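Notes follow once the structure below has been shown.
The values are calculated or read from the model by the stated rules, or taken from the named source; none is laboratory data. Note that the structure is a prediction, hence the values are computed from the model and not measured. Cβ placement follows ideal geometry from the backbone for every residue including glycine, while neighbour counts extend to all protein chains displayed. We work out accessible area using only protein heavy atoms, side chains counted, and drop any ligands, DNA or RNA first. Shrake-Rupley method; radii C 1.70, N 1.55, O 1.52, S 1.80 Å.
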Amino acid sequence: MTQSLVCPETVSRVSSVLNRNSRQFGKKHLFDQDEETCWNSDQGPSQWVSLEFPQRVQITQLQVQFQGGFSSRHSRLEGSRGGEALSKIVDFYPEDTNALQSFSIPTVEVDRLKLTFEDTTDFFGRVVIYHLRVLGEKIG
């Protein structure tokens, strides 16, 4: 049964936060399901989000909602398990839109993920994400 894999025990990290204002633009807003909040990165050549799950998970789908004008034309999903080095799972190509976008992921079991957002549509390299959902099944 497909479910959201991000839970309170999932450890998340981000490349940056706009003006270091975590209260208003921090990583917690990626997963709060609130239409009014978002993670807003600071400027830079590429931005990323990493997730460490409390158990092994099988990922089948990724959903991302950017703010139009602050999205990524090319993104990369990497994963690993058991302390191994990250390896590429898939490249995906979001549209520059406000809509929630879904990406099918080749079935893979991991306990750590990293999404890297490259080739951003913002001149300064900022990324704004309202929702990030990792869907699949928990293993074990």
With a Förster radius of 35 Å, plug the Cβ-Cβ distance of residue 73 and residue 9 into 1/(1 + (r/R0)^6) and report the FRET value to the nearest 0.05. 0.60
Taking 7 Å along the Cα-to-C-beta vector as the label spot, tell me the residue 90-residue 119 distance in nanometres, rounded to one decimal. 1.7
Per-selection Rg to Rh, the chain - Cα, Kirkwood hydrodynamic radius: 0.94
What accessible area per residue comes out for the chain, rounded to a whole number of Å², with a 1.4 Å probe? 51
Count the lysine pairs in the chain whose Cα atoms sit under 21 Å apart, keeping only pairs 8 or more residues apart in sequence or on different chains. 5
Portion, in percent, of the accessible area of the chain that falls on carbon or sulfur, probe 1.4 Å: 45
At a Förster distance of 41 Å, what's the computed FRET efficiency of residue 109 paired with residue 43, Cβ-Cβ distance as r, to 0.05? 0.70
Karplus (6.51, -1.76, 1.60) ³J(HN,Hα), θ = phi - 60°, over the stretch 37-48, in Hz, Gly and Pro reported as x: 10, 7, 8, 10, 6, 7, 6, x, x, 8, 10, 8
